[in-house]
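Here is the structure we will look at, set down as structure tokens.
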Amino acid sequence: MEEIRKAAKLLRDARKVVVFTGAGVSTESGIPDFRSPGGIWTKYDPDEFLYQKFISSEESRRKYWAFSKELWPIIRDSKPNPAHYAIAEMWRMGKLDVVITQNVDGLHQKAGVPEDRVIELHGTAWWVVCLDCGKRFEREEVHRRLLEGEEVPRCECGGILKPATISFGQSLPPDALMEAERRSASCDLFICVGSSLVVYPAANMPIIAKRSGAKLIIINLVPTPQDGLADVVIKGKAGEVLPKIVEEVKEM
Ligand code: NAD
Ligand code: ZN
């Protein structure tokens with residue numbers, strides 16, 4: 001396919017690559033995304049996930065934890081798919097600067113990208129944090145409490161516990177956001193994979209990269225609002241497209 005070849009040439013010539021990922025990079029690992037048919041939004045009302053609701057209503061927290069109790073084992077037991085491995089391979093090839101991810105599943109790290117090379121813009125599902133005292137708990141520990149019958153777990157200080165993920169209406173961790181903007185502005189190739197590119201400020205990153213002179217590749221199942229900005233757009237499955245691009249570079 002011509003587009004794969006074009007993308008491979010861009011990767012071959014690049015020295016500092018930022019890979020930006022969304023939920024679509026993990027669907028082939030069995031984790032549903034938000035907006036696809038069968039995605040999380042088709043089963044749950046997005047309003048229920050608003051941060052303001054979570055902090056203001058015990059009932060919202062109950063619903064949130066019930067949803068979260070279902071999703072956590074899927075995330076915990078999921079394995080990286082060929083897309084995550086292809087990205088880790090870019091690291092071994094010396095091409096990758098960082099992965100900026102909107103995902104909370106930790107699969108890039110599981111695939112072998114070093115921890116300090118993954119910027120988690122929307123936090124992580126692997127930790128739970130107390131909104132009052134800031135204490136962090138391992139997610140599995142809190143999960144066990146849910147399994148034992150607690151519906152709305154609390155911190156020992158009495159504070160509200162919340163998974164260390166960023167909800168709608170909650171601001172992004174300022175350090176991660178600044179670092180993501182800085183890396184986006186200083187790469188020479190920016191590759192978006194499996195993101196609908198509609199969730200801001202995350203979706204600003206490709207715009208920042210492009211404005212700073214980087215080439216832009218977008219790989220997604222469906223069109224995104226930023227396709228017009230891209231040098232190469234590839235419609236397809238991340239787990240099929242990314243390994244092909246990496247293989248092609250190795251053969252060049
Ligand atoms: P999204 O659900 O809005 O978009 C995902 C995009 O990926 C869609 O456009 C879809 O067509 C595409 N896609 C699905 N499967 C694909 C595949 N196999 N190959 C290529 N493309 C594929 O997700 P988003 O843009 O990441 O933003 C929504 C929010 O969802 C983020 O804030 C993120 O924190 C959260 N989220 C994360 C996870 C996770 O950690 N795995 C899962 C669900 C939602
Ligand atoms: Zn506390």
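The values are calculated or read from the model by the stated rules, or taken from the named source; none is laboratory data. A quick note: this is a predicted structure, and the numbers were derived from the prediction, not measured. With ideal geometry, Cβ positions are generated from the backbone for all residues, glycine too; neighbour counts draw on all protein chains shown. Side chains are part of the model used for accessible areas, which takes the heavy atoms of the whole protein and leaves out ligands, DNA and RNA. Shrake-Rupley method; radii C 1.70, N 1.55, O 1.52, S 1.80 Å.
On the basis of being more than 11 Å from ligand 1 (Cβ to nearest atom), part of a helix (DSSP H, G or I), without any contact (Cβ under 8 Å) to a residue 12 or more places away in the chain and within 27 Å of MET205 (Cβ to Cβ), does GLN109 make the cut? When the stated conditions are applied, GLN109 passes them.
Okay, residues lined up against (1) within 25 Å of SER60 (Cα to Cα); (2) touching a residue at least 40 places away in the same chain (Cβ under 8 Å):
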position: GLY134; (1), (2): yes, no
position: LEU146; (1), (2): yes, yes
position: ALA164; (1), (2): yes, yes
position: SER184; (1), (2): no, yes
position: ALA202; (1), (2): no, yes
position: ILE208; (1), (2): no, no
position: ALA238; (1), (2): no, yes
position: GLU247; (1), (2): no, no
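Of the helices (runs of 4 or more DSSP H) lying entirely inside region 1-97, the ones with 2 or more residues being touching a Ser or Thr at 6+ places or on another chain (Cβ under 8 Å) and within 16 Å of ligand 1 (Cβ to nearest atom) are found at 51-56, 82-92.
Restricting to region 194-226, name every residue that is part of a loop (DSSP other than H, G, I, E, B) and among the aliphatic types (A, V, I, L, M).
Of region 194-226, the ones part of a loop (DSSP other than H, G, I, E, B) are 194-201, 212-214, 221-226.
Listed by number, the residues that qualify are LEU197, VAL198, VAL199, ALA214, LEU221, VAL222.
Tell me whether region 224-238 contains one or more residues that are of a type in the set (Gly, Ala, Ser) and under 24 Å from GLY39 (Cα atoms). The answer is yes; a qualifying residue exists. When VAL128 is tested against (1) surrounded by 21 or more Cβ atoms within 10 Å (Cβ to Cβ); (2) not in a strand (DSSP E or B), just one condition goes unmet, and that condition is (2).
CYS133 fulfils the conditions (1) in a loop (DSSP other than H, G, I, E, B); (2) surrounded by 14 or more Cβ atoms within 10 Å (Cβ to Cβ); (3) within 10 Å of ligand 2 (Cβ to nearest atom) except for a single criterion, (2). What tally of residues in region 112-122 results from selecting those that are open to solvent by 10 Å² or more (accessible area, probe 1.4 Å) and either outside any helix (DSSP H, G or I) or touching a residue at least 12 places away in the same chain (Cβ under 8 Å) (or both)? So the answer is 7. When every residue of region 174-189 is checked against the conditions, at least one turns out to be open to solvent by less than 20 Å² (accessible area, probe 1.4 Å), under 18 Å from VAL99 (Cβ atoms) and of a type in the set (S, T, N, Q). For region 141-171, enumerate the residues that are surrounded by 17 or more Cβ atoms within 10 Å (Cβ to Cβ), within 20 Å of ASP33 (Cα to Cα) and either within 16 Å of ligand 2 (Cβ to nearest atom) or of a type in the set (A, V, I, L, M, F, W, C) (or both). PRO163, ALA164, ILE166 - these are the residues of region 141-171 that are surrounded by 17 or more Cβ atoms within 10 Å (Cβ to Cβ), within 20 Å of ASP33 (Cα to Cα) and either within 16 Å of ligand 2 (Cβ to nearest atom) or of a type in the set (A, V, I, L, M, F, W, C) (or both).
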